[in-house]
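A short write-up of the structure that comes next.
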Amino acid sequence: QSLLTQPPSVSAAPGQKVTISCSGSTSNTGNNYVSWYRQPPGTAPKLLIYDNNKRPSGIPDRFSGSKSGTSATLGITGLQSGDEADYYCGTWDSSLNAYVFGTGTKVTVL
Amino acid sequence: HLQLQESGSGLVKPSQTLSLTCGVSGGSSSTGGYSWNWIRQPPGKGLEWIGYIYHGGSTYYNPSLKSRLAISIDRSKNQFSLTLRSVTAADTAVYYCASEPDYASGTHFDYWGQGLLVTVSS
């Protein structure tokens, strides 16, 4: 059972914005940096955001990350059909002494 | 940039040992600046971090798997390996290798292999 809770699914029309929440606790999201990954069907995850809000080179600024307290949020603007995928948050858990991933959110472009 | 590729047996019998290798190209698994991780994903389910080996050879394992797990590195071949003993059907998953850079403040995985499905079945 994952310690990081995400909504099972979110959807929006092309060009619109979606946000995905990642809710944890003081042992994980509250005191450690959060990263976000995108996983299209049948492919490996890809890093979108690290250190709460930083984008690796090549990731467009349509993707943004933020954190407040024990919750982190991924935002995607200008939604495209290619954004349909599963999205996972992740962070270190200082109680478990392990890296943990969120439950995952499926993004659907209507 | 780095490229990672998993290899190994895709079918393992219950109670036997799962062994996988991750080849690293476009960089070196022996150089500083990275730790080398294994992550798995049961069919239709979420991601689970397994553990890592640092370029110097030190390891850190998920406590839930620690008693059955070993990760090693072969710098001469630019690869690192996973061994998981006494497997059961619950170990059936796509296994990914991934790199974790040192430059950032928090743990994250910047490059991933394509994944290898390992099925535990008699």
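The values are calculated or read from the model by the stated rules, or taken from the named source; none is laboratory data. Predicted model, so just to flag it, every value in this text is computed and none were measured. In this analysis, Cβ positions are derived from the backbone assuming ideal geometry, glycine residues included, and neighbour counts consider all displayed protein chains.
Within segment B:78-94, is there a residue that is in contact with a strand residue (DSSP E or B) (Cβ under 7 Å, 6 or more places away or on another chain), within 14 Å of another protein chain (Cβ to nearest Cβ) and part of a strand (DSSP E or B)? Step through it out loud before you land on a result.
Of all residues in segment B:78-94, those in contact with a strand residue (DSSP E or B) (Cβ under 7 Å, 6 or more places away or on another chain) come to B:78-84, B:87-89, B:91-94.
Filter once more, so that each one left must be within 14 Å of another protein chain (Cβ to nearest Cβ): B:93-94.
Filter once more, so that each one left must be part of a strand (DSSP E or B): B:93-94.
Looking for residues that are in contact with a strand residue (DSSP E or B) (Cβ under 7 Å, 6 or more places away or on another chain), within 14 Å of another protein chain (Cβ to nearest Cβ) and part of a strand (DSSP E or B), one finds at least one in segment B:78-94, hence yes.
Among the numbered conditions (1) within 13 Å of chain B (Cβ to nearest Cβ); (2) over 20 Å from B:Glu48 (Cα atoms); (3) not in a strand (DSSP E or B), the only one that A:Gly82 does not meet is (1). Could you please let me know if A:Lys17 is out of contact with any helix residue (DSSP H, G or I) (no Cβ under 6 Å at 6 or more places or on another chain), of a type in the set (Lys, Arg), at pLDDT 95 or above and surrounded by fewer than 15 Cβ atoms within 10 Å (Cβ to Cβ)? Judged against the criteria, A:Lys17 is a match.
To keep it simple, each residue is scored yes or no on (1) within 13 Å of chain B (Cβ to nearest Cβ); (2) touching a residue at least 12 places away in the same chain (Cβ under 8 Å); (3) hydrophobic (A, V, I, L, M, F, W, C).
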{"site": "A:Pro41", "(1), (2), (3)": "yes, yes, no"}
{"site": "A:Tyr50", "(1), (2), (3)": "yes, yes, no"}
{"site": "A:Phe63", "(1), (2), (3)": "no, yes, yes"}
{"site": "A:Ser66", "(1), (2), (3)": "no, yes, no"}
{"site": "A:Thr70", "(1), (2), (3)": "no, yes, no"}
{"site": "A:Thr73", "(1), (2), (3)": "no, yes, no"}
{"site": "A:Gly78", "(1), (2), (3)": "no, yes, no"}
{"site": "A:Trp92", "(1), (2), (3)": "yes, yes, yes"}
{"site": "A:Leu96", "(1), (2), (3)": "yes, yes, yes"}
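What number of residues within segment A:82-102 are out of contact with any His (no Cβ under 8 Å at 6 or more places or on another chain) and within 17 Å of A:Leu48 (Cβ to Cβ)? Residues meeting the conditions: 12.
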